[in-house]
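**Q** Below are the structure tokens for one structure; questions will follow.
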Amino acid sequence: MSRVLRAAISQTRWTGDRGSMLDRHERFARDAAAQSAQVICFQELFYGPYFGITQDKKYYRYAEPIDGPVVQRFAALARELQMVMVLPIYEQADTGVYYNTAVLVDADGRVLGSYRKNHIPNLDKFWEKFYFRPGNLGYPVFETAVGRVGIYICYDRHFPEGWRALGLAGAQLVFNPSATKPGLSNRLWEIEQPAAAVANGYFVLAPNRVGREDNEFGSEAVDFYGSSQVVDPRGNLVGPLGSSEHEELLVRDLDLDLVQQMRDDWQFYRDRRPETYGALCEP
């Protein structure tokens, strides 16, 4: 008998204030629970704007510790709803030490750990090195109530090494919360998650921001194109893409037996040749 997991990811635009964003995401979680979802992941930096568009010290104030009020609120909600949650936050590890982080909360409300974004872009309107230090926690995989979960964040997805590290650590599901805008990324958004899912034999769930955050950045704002996606281990979309324009909660059923089936059919882990890959780790 196959094991089917019901998973949810959400996409929305910046409302203009932290309080209403937190309320909106609580609503997403409650709506997902009402549809019997067992796990949910929000978009990158879910309770604020995507402030990488500019370089402004005022956005440092969105950072808070792992045990801060945002995580505490949603950990309590996870316990109430008996739902695993992936919470992409702006983490303050110490005064002036900030990370782009996703916190993993189990269905009993326990914080299992976190992943800090390893690859930090410094591109036009993605000035993330102004805000974040590169991650230093490696590529952890967490044993949760819904299975073995890994996390990769937005720009990370352009680097296949991390995807593989999560697979080698036993991930069955990898969440990739994102803030991705039109341009060079459009074609990559179509192919990178399916390619990672196939190469590593796991599900990839990628929520992306949606809409124009001109209520924060005026004429400097960009249009995030949503199109959140869930991909199975064979590289197929599970259900349609999310809207390219509107807020949406995607709830999908995932047959976890496909992880074993894919790895049985395609023996990529058996046929790896790590002894030949030394050059990949040279600077």
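The values are calculated or read from the model by the stated rules, or taken from the named source; none is laboratory data. Being a predicted model, the structure only gives us computed values, none of them experimental. Cβ sites come from the backbone with ideal geometry, for glycine too, and all protein chains shown count toward neighbours.
**Q** Given the structure, is S20 loosely packed, with under 14 Cβ neighbours inside 10 Å and at pLDDT 95 or above?
**A** Details: loosely packed, with under 14 Cβ neighbours inside 10 Å: yes; at pLDDT 95 or above: yes.
Taking the combined requirement at face value, the residue satisfies it.
**Q** Just one of V70, V86, V103 is of a type in the set (V, I, T), part of a helix (DSSP H, G or I) and closer than 24 Å to N136 by Cα; which is it?
**A** None of the others qualify; the one that does is V70.
**Q** Condition first: on the phi > 0 side of the Ramachandran plot and touching a residue at least 60 places away in the same chain (Cβ under 8 Å). Now tell me which residues in the stretch 90-149 satisfy that. Spell out the reasoning first.
**A** Step one: list which residues in the stretch 90-149 are on the phi > 0 side of the Ramachandran plot, which gives 96, 109, 113, 125, 138, 147.
Of everything in the stretch 90-149, those that are on the phi > 0 side of the Ramachandran plot and touching a residue at least 60 places away in the same chain (Cβ under 8 Å) turn out to be K125, G147.
**Q** Of the numbered conditions (1) closer than 23 Å to P283 by Cβ; (2) surrounded by 18 or more Cβ atoms within 10 Å (Cβ to Cβ), F159 satisfies every one except a single condition; which is it?
**A** (2) is the only condition that F159 fails.
**Q** Sticking with this one: Let me confirm something: among A76, A179, A93, which residue is more than 17 Å from L5 (Cβ to Cβ), of a type in the set (G, A, S) and under 14 Å from the mean Cα position of the chain (by Cα)? Spell out the reasoning first.
**A** On the way: A76 fails: under 14 Å from the mean Cα position of the chain (by Cα); A93 fails: under 14 Å from the mean Cα position of the chain (by Cα).
Among A76, A179, A93, only A179 is more than 17 Å from L5 (Cβ to Cβ), of a type in the set (G, A, S) and under 14 Å from the mean Cα position of the chain (by Cα).
**Q** Shifting gears a bit: Would you please name the residue that is farthest from N215 (Cα to Cα), looking only at residues in the stretch 50-67 that are part of a helix (DSSP H, G or I) and in contact with a Lys or Arg (Cβ under 9 Å, 6 or more places away or on another chain)? Walk me through how you get there before you give the answer.
**A** The first filter runs over the stretch 50-67 and keeps only residues part of a helix (DSSP H, G or I), leaving 51-53, 57-62.
From what's left, in contact with a Lys or Arg (Cβ under 9 Å, 6 or more places away or on another chain): 51-53, 62.
Working: F51: 12, G52: 15, I53: 13, Y62: 17 Å.
In this case the residue turns out to be Y62.
**Q** Of D156, D223, which residue is of a type in the set (D, E), free of Cβ contacts under 8 Å to residues at least 40 places away in the same chain and in contact with a Lys or Arg (Cβ under 7 Å, 6 or more places away or on another chain)? Lay out the reasoning, then the answer.
**A** Working: D223 fails: free of Cβ contacts under 8 Å to residues at least 40 places away in the same chain.
Exactly one of D156, D223 is of a type in the set (D, E), free of Cβ contacts under 8 Å to residues at least 40 places away in the same chain and in contact with a Lys or Arg (Cβ under 7 Å, 6 or more places away or on another chain), namely D156.
**Q** I'd like to check something: does the stretch 17-33 contain any residue that is in a loop (DSSP other than H, G, I, E, B), in contact (Cβ under 8 Å) with a residue 12 or more places away in the chain and of a type outside the set (D, E, K, R)?
**A** Within the stretch 17-33, none of the residues are in a loop (DSSP other than H, G, I, E, B), in contact (Cβ under 8 Å) with a residue 12 or more places away in the chain and of a type outside the set (D, E, K, R).
**Q** In this structure, is L188 within 22 Å of K125 (Cα to Cα), of a type in the set (A, V, I, L, M) and in contact (Cβ under 8 Å) with a residue 24 or more places away in the chain? Can you show your working first?
**A** Values: within 22 Å of K125 (Cα to Cα): yes; of a type in the set (A, V, I, L, M): yes; in contact (Cβ under 8 Å) with a residue 24 or more places away in the chain: yes.
Yes; evaluated as a whole, the condition is true for this residue.
**Q** Report those strands (runs of 3 or more DSSP E) wholly inside the stretch 138-234 carrying at least 3 residues which are touching a Gly at 6+ places or on another chain (Cβ under 8 Å) and under 14 Å from V86 (Cβ atoms).
**A** Values: elements: 141-144, 147-151, 173-175, 203-206, 210-212, 223-225, 229-231.
Where strands (runs of 3 or more DSSP E) fall fully within the stretch 138-234 and carry at least 3 residues being touching a Gly at 6+ places or on another chain (Cβ under 8 Å) and under 14 Å from V86 (Cβ atoms), they are 173-175.
**Q** Separate question: In this structure, does G242 turn out to be modelled with pLDDT under 95 and either in contact with a His (Cβ under 6 Å, 6 or more places away or on another chain) or in a loop (DSSP other than H, G, I, E, B) (or both)? Please lay out each step first, then the result.
**A** On the way: modelled with pLDDT under 95: no; either in contact with a His (Cβ under 6 Å, 6 or more places away or on another chain) or in a loop (DSSP other than H, G, I, E, B) (or both): yes.
Spelling it out, it is not the case that G242 is modelled with pLDDT under 95 and either in contact with a His (Cβ under 6 Å, 6 or more places away or on another chain) or in a loop (DSSP other than H, G, I, E, B) (or both).
**Q** Only one of (1) over 24 Å from C154 (Cβ atoms); (2) in contact (Cβ under 8 Å) with a residue 24 or more places away in the chain; (3) within 20 Å of the chain's Cα centre (by Cα) fails for S2. Which number is that?
**A** It fails just one condition, (3).
**Q** Of everything in the stretch 237-279, what is of a type in the set (D, E) and touching a residue at least 24 places away in the same chain (Cβ under 8 Å)? Give them in sequence order. Reasoning before the result, please.
**A** Step one: filter the stretch 237-279 for residues of a type in the set (D, E), giving 245, 247-248, 253, 255, 257, 264-265, 271, 275.
Matches in the stretch 237-279: E245, E247, E248, D253, D255, D257.
**Q** Yes or no: G218 surrounded by fewer than 14 Cβ atoms within 10 Å (Cβ to Cβ) and either within 20 Å of L104 (Cα to Cα) or within 14 Å of the chain's Cα centre (by Cα) (or both)?
**A** Values: surrounded by fewer than 14 Cβ atoms within 10 Å (Cβ to Cβ): yes; either within 20 Å of L104 (Cα to Cα) or within 14 Å of the chain's Cα centre (by Cα) (or both): no.
Judged against the criteria, G218 is not a match.
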